[in-house]
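Worksheet: one structure, shown below.
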Amino acid sequence: MLFTEFDLKTAQEVWYEEGHEKGILVGREEGRTEGRTEGETSKAYDIAKKMLKRNRPINEIIEDTGLSLDEINELRNS
């Protein structure tokens with residue numbers, strides 16, 4: 001049987017480092033996902049603005065952009 005000395009402080013440091021590394025990796029992916037989502041939403045708003053300028057039907061704008069009626073009405077009123 002193998003006996004080893006357990007050092008709580010060393011173990012906690014290792015656990016912290018592993019958690020920190022995992023947190024960074026998860027944070028990066030979440031950041032990328034959030035950035036993509038924001039970019040897609042921004043693009044949808046830009047398209048909706050152009051379609052509103054061209055007097056396209058609201059239902060067509062909703063279908064093409066995925067924005068809600070409320071979001072489109074806010075764009076129209078701004």
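Only the coordinates and a few stated rules stand behind these numbers; no lab work does. Values in this document were obtained by computation on a predicted structure and should not be read as measured data.
Normalised by the residues of the range 16-77, what does the relative contact order come to in percent, with Cα pairs under 8 Å and at least six apart?
28 percent
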Practice task
State the extension gain, in nm to one decimal, for the chain segment bounded by E63 and R76, taking 0.36 nm per residue of separation less the distance between their alpha-carbons.
Solution key: 3.0 nm
Practice task
Using only C-alpha positions, report the orientation-averaged shadow area of the convex hull of the range 16-77, nm², one decimal.
Solution key: 5.0 nm²
